[in-house]
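The values are calculated or read from the model by the stated rules, or taken from the named source; none is laboratory data. The model shown is predicted, which means the values in this text are computed figures rather than measured ones. Here Cβ is always computed from backbone atoms with ideal geometry, including for glycine, and neighbour counts include all displayed protein chains.
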Amino acid sequence: MANFFQNTRKPEGLGGKIMVNMMNSGHARPSKWGFSHISPKVDDHILDIGCGGGANIAKLLKICTKGIVKGIDHSEISVAKSIKVNQAAVDAGRCEIIQGNVLALPYESESFNLVTAFETIYFWPEIETAFKGIYDVLKPGGRFMICNEVDGEREKAEKWTKIIDGMTVYSPTDIEKLLTSAGFNDITIDVELKHNWLCVIATK
């Protein structure tokens, strides 16, 4: 079972295919809560990092009917699933989903109005470098939203870090310090106490 949960970090093989399907359903409630914190414009350009099974890209496409939504994930399986879920938008040129590394985002500076990261920063190496890269690709006034199911303040975090290799759960204070160091300002933090969900929004 522990080996199966390694697929939360990087879905691979049959277990990875099962995991990305589980992500789309299992993350639906915290994702909906996270979306309640933002109001993208219809023509925004948005990047979803660690796009998993593509469900959040689909939600963003429904909101940004005249915009562009891009996704990036380091898992080939996640990219394939995300493209399949959003095939119509991909074919229409409104969506692009690629395999890549958060530490080397292949986008021009000031490309996006919003960057989202749902249930993914736990697995980013050199997280401050990643945050600086996100800062670079955001337009002035653009926002970066982090949404986690674990807020880093309770025993729930330790449970998962023992099971999943390379997982680091950050507290709200940790994230705020890292974002500030990367250049972000106007950082807002919300914790859903019943479920320990965390949403952080930072502005460039």
Just checking, how many residues over segment 174-195 are more than 17 Å from residue 130 (Cβ to Cβ) and either in contact with a strand residue (DSSP E or B) (Cβ under 9 Å, 6 or more places away or on another chain) or among the small types (Gly, Ala, Ser) (or both)?
-> 7
Look at segment 48-76 and say how many of its residues are over 24 Å from residue 32 (Cβ atoms) and assigned to a helix (DSSP H, G or I).
-> 1
Would you point out the residue of segment 136-153, among those that are modelled with pLDDT of 95 or more and more than 18 Å from residue 52 (Cα to Cα), that is surrounded by the most Cβ atoms within 10 Å (Cβ to Cβ)?
-> 138
Residue that is modelled with the highest pLDDT [pool: residues in segment 154-174 that are within 19 Å of residue 31 (Cα to Cα) and either exposed (fewer than 14 other Cβ atoms within 10 Å of the Cβ) or under 17 Å from the mean Cα position of the chain (by Cα) (or both)] | 172
Starting from segment 119-130, take each residue that is closer than 17 Å to residue 152 by Cα and of a type in the set (Gly, Ala, Ser) and list its partners that are modelled with pLDDT under 95 and not in a loop (DSSP other than H, G, I, E, B), counting only C-beta distances under 7 angstrom and pairs at least six apart or across chains.
-> none
Residues of segment 96-135 being under 16 Å from residue 181 (Cα atoms), surrounded by 16 or more Cβ atoms within 10 Å (Cβ to Cβ) and of a type in the set (D, E, K, R), which ones?
-> 132
For segment 77-114, which residues satisfy the criterion of being free of Cβ contacts under 8 Å to residues at least 24 places away in the same chain and assigned to a helix (DSSP H, G or I)?
-> 80, 87, 88, 90, 91
